[in-house]
Amino acid sequence: LLTKDPDLTSFLISNPSLYTTKERSEGNVTISVTPQALTTNTTPSFYVEFETHSVELGFDVPEITTLVDDQGNSFGLATWEGSPPGGHHRKGALSFANNLSKSTKSVTLTFTNIANVPTRTFIWEVKQ
């Protein structure tokens with residue numbers, strides 16, 4: 001487990017994932033994403049952390065997030081259950097309305113316009 005956050009460590013231990021956490025650090029903000037559900041016939045969900053020491057994290061997570069599959073299909077509006085806008089440390093669960101289909105081979109999660117970085121993308125293969 002590669003995290004210094006005891007809450008994240010506890011969450012990941014009690015909710016093991018088949019997927020590796022991916023991290024991107026740009027524009028003084030680090031985003032860490034761990035898929036929690038990415039299998040056929042499930043709604044995609046992720047554990048997400050936003051960390052910074054220099055900018056305000058005042059965005060609405062669902063408004064800046066998209067998820068599409070390898071065929072260009074969108075998974076609908078995101079739902080965020082986590083820290084409210086503001087501050088320097090945010091974390092929570094991000095989920096989407098539409099199920100993964102049997103034909104989905106990979107998904108791309110994109111966050112837009114955080115700390116003047118136009119896009120940050122994370123890609124995972126889907127477990128069948």
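The values are calculated or read from the model by the stated rules, or taken from the named source; none is laboratory data. Bear in mind the structure is a predicted one, so any value in this text is a computation, not a measurement. Positions of Cβ are backbone-derived with ideal geometry, glycine not excepted, and every protein chain shown enters the neighbour counts. Keep in mind that these areas ignore ligands, DNA and RNA; they rest on the heavy atoms of the full protein, side chains included. Shrake-Rupley method; radii C 1.70, N 1.55, O 1.52, S 1.80 Å.
Residues in the range 36-51 that are of a type outside the set (A, V, I, L, M), part of a strand (DSSP E or B) and more than 20 Å from I114 (Cα to Cα): Q36, T39, S45. Residues in the range 114-128 that are modelled with pLDDT under 90 and either open to solvent by less than 20 Å² (accessible area, probe 1.4 Å) or on the phi > 0 side of the Ramachandran plot (or both): 1 in all. Has the range 94-114 got at least one residue that is in contact with a Leu (Cβ under 7 Å, 6 or more places away or on another chain) and more than 19 Å from T39 (Cα to Cα)? Scanning the range 94-114 turns up no residue that is in contact with a Leu (Cβ under 7 Å, 6 or more places away or on another chain) and more than 19 Å from T39 (Cα to Cα). For the range 79-105, filtering for residues that are touching a residue at least 40 places away in the same chain (Cβ under 8 Å), open to solvent by less than 30 Å² (accessible area, probe 1.4 Å) and part of a loop (DSSP other than H, G, I, E, B) leaves 2. All conditions but one from (1) at pLDDT 95 or above; (2) touching a Gly at 6+ places or on another chain (Cβ under 9 Å) apply to T30; the one that does not is (2). For the condition assigned to a loop (DSSP other than H, G, I, E, B) and at positive phi, G76 qualifies. With respect to the conditions (1) exposed (fewer than 12 other Cβ atoms within 10 Å of the Cβ); (2) under 18 Å from K22 (Cα atoms); (3) among the polar types (S, T, N, Q), T108 falls short on a single one, namely (1). Residues in the range 27-36 that are over 11 Å from the mean Cα position of the chain (by Cα) and open to solvent by less than 60 Å² (accessible area, probe 1.4 Å) were compared, and the one that is nearest to K105 (Cα to Cα) is T30.
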